[in-house]
Amino acid sequence: MSTAPPELEIHSSLDEIMGLEREYLLQNYSRYPLALHRGKGCYLYDLKGNRYLDLISGIGVNALGYAHPRITKVIRQQAGLLLHSSNLYYHEYQGRLAEKLSQISGLQRSFFCNSGTEAMEGALKMIRSHGNSVSPDKHRVVALDNSFHGRTLGALSITGQPKYRKDFEPLLPGALFVARNDIAALEAAVNENTAGIVLEFIQGEGGINPVSEPFARKARQLADRYNALLVFDEIQCGVGRPGSYFAYQLLDPVLLPDIIIAAKPMACGIPLGVIIGNEKAAATIRPGMHGSTYGGGPLACRVALEFFDILEGLLPSINAVGGYFRMRLTEMMRSFPFIKEIRGQGLMIGVELDFPCKQLVLEGIGQGLLFNCTHDTVLRFLPPYILTEQDVDRALEGLKKILAKAHPATASAAN
């Protein structure tokens, strides 16, 4: 008979879990052979108790790591009070969270939903509504090559990566893509029929590539000139990850968009997305034009309020530890010449290699490190905001072994 506490008992093996999924789940995920059971701080544990340093945090979701005492306490308290009430009625946390988001973003009004792609869909509806209020021809959306905005049909329509789009075409008409930081191409694309311009300030799925300040400011100028809504997709690059509340706040002076969309870490693993807009953008959605059954429920909003209270004190550490991480990675370039570039801001970091690196993710699991590969050749690191320099040192020890194994000729230089 097991002596483990009920919350720690294991009822399935990895083979059993994989077998059930093969038989009963849609086969749309290419999962790694790892089943996770619990987490504590920056570490996750598999079914056998093996420990892994989490450097991907659920693709940027688990920003406070695992079993954070304040988040755990709030979830337990609210679970005993009210999980869901629907948007037919008020509850005490949605307005307070919207007020907090207005204070930190500089925009006035919020709409809560469940995910980043749902937030993108809502933003696209705002763009369309705005354009239709001006002219039936004003429906074009300018987005960027190499971008990623979600997997619903509307979000895919403005995602500038053919591999995500090709199986679902024809998509929403009117999307036009320009190269990131190509100001001349942006100027040529935007005109009186443009209803919206959509930018990721730092492209995440596209390989951790930032938009330049001149390009972003030109987008704002063109949006103003042609009466288009400027949307910043901060789903991955915002909400604390760059060392500021949002990535656009890294500019001085700050450049305000008309709409921000955000999601991932806001409720620490509980689904929550948001559209934050200025009054011009908010006026595009009138009663009955949009909604969300689960969006902005009391549990998610209360957890998000707690998260933002914690985040305020973490921002300096995100910058400091992120800077240390990038410095140590840059030092590694001397030992591993196939590292082409280190990119990122805060705790959003990409390491571009000169060869496809998906296999290195498996090697990382073997070293007790969890990260992923994006854009074929970029190792992506989105660790929890509570990461320490000691955690970084532990990560780099394992990463050196992985890279030396990938290119054995470099092993002596790295050791």
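The values are calculated or read from the model by the stated rules, or taken from the named source; none is laboratory data. These numbers come from a predicted model, not from an experiment. Cβ atoms come from the backbone with ideal geometry, glycine included; neighbour counts cover every protein chain shown.
With respect to the conditions (1) in a loop (DSSP other than H, G, I, E, B); (2) more than 19 Å from the chain's Cα centre (by Cα); (3) surrounded by 24 or more Cβ atoms within 10 Å (Cβ to Cβ), G295 lacks only one, and its number is (2). Per the conditions (1) under 30 Å from the mean Cα position of the chain (by Cα); (2) at pLDDT 95 or above, the sole criterion not satisfied by E23 is (1). Consider L299 carefully, then state whether it is of a type in the set (A, V, I, L, M, F, W, C) and closer than 18 Å to C42 by Cβ. No. Residue pairs whose Cβ atoms lie under 6 Å apart, separated by 6 or more positions or on different chains, with the first residue in region 291-304 and on the phi > 0 side of the Ramachandran plot and the second surrounded by 24 or more Cβ atoms within 10 Å (Cβ to Cβ), are G296/F112.
For region 212-227, the condition of being in contact with a Leu (Cβ under 8 Å, 6 or more places away or on another chain), assigned to a strand (DSSP E or B) and surrounded by fewer than 24 Cβ atoms within 10 Å (Cβ to Cβ) holds for none of the residues. Counting only helices (runs of 4 or more DSSP H) that fall entirely inside region 108-192 and contain at least 2 residues that are surrounded by fewer than 18 Cβ atoms within 10 Å (Cβ to Cβ) and over 17 Å from the mean Cα position of the chain (by Cα), the qualifying elements are 116-134, 162-165, 183-189.
For region 44-74, name all the residues that are of a type in the set (A, V, I, L, M, F, W, C) and either crowded, with 19+ Cβ neighbours inside 10 Å or in a loop (DSSP other than H, G, I, E, B) (or both).
Residues of region 44-74 of a type in the set (A, V, I, L, M, F, W, C): 44, 47, 53, 55-56, 59, 61, 63-64, 67, 71, 74.
If the condition is that a residue be of a type in the set (A, V, I, L, M, F, W, C) and either crowded, with 19+ Cβ neighbours inside 10 Å or in a loop (DSSP other than H, G, I, E, B) (or both), then L44, L47, L53, L55, I56, V61, A63, L64, A67, I71, V74 are the ones that fit.
Residues in region 232-245: is at least one over 26 Å from L311 (Cα atoms) and either of a type outside the set (A, V, I, L, M) or outside the structural domain of I127 (by TED's automatic domain parsing) (or both)? No, because not a single residue in region 232-245 is over 26 Å from L311 (Cα atoms) and either of a type outside the set (A, V, I, L, M) or outside the structural domain of I127 (by TED's automatic domain parsing) (or both). Residues that are assigned to a loop (DSSP other than H, G, I, E, B) and of a type in the set (A, V, I, L, M) were ranked within region 29-43; the one that is farthest from S12 (Cα to Cα) is L34.
Would a scan of region 267-277 turn up a residue that is assigned to a strand (DSSP E or B) and of a type in the set (G, A, S)?
Of the residues in region 267-277, the ones assigned to a strand (DSSP E or B) are 273-277.
If we keep only those that are of a type in the set (G, A, S) as well, we get 273, 277.
Taking every residue of region 267-277 in turn, at least one turns out to be assigned to a strand (DSSP E or B) and of a type in the set (G, A, S).
A count restricted to region 78-114 and to residues that are in contact (Cβ under 8 Å) with a residue 12 or more places away in the chain and either closer than 17 Å to G240 by Cα or among the hydrophobic types (A, V, I, L, M, F, W, C) (or both) stands at 16.
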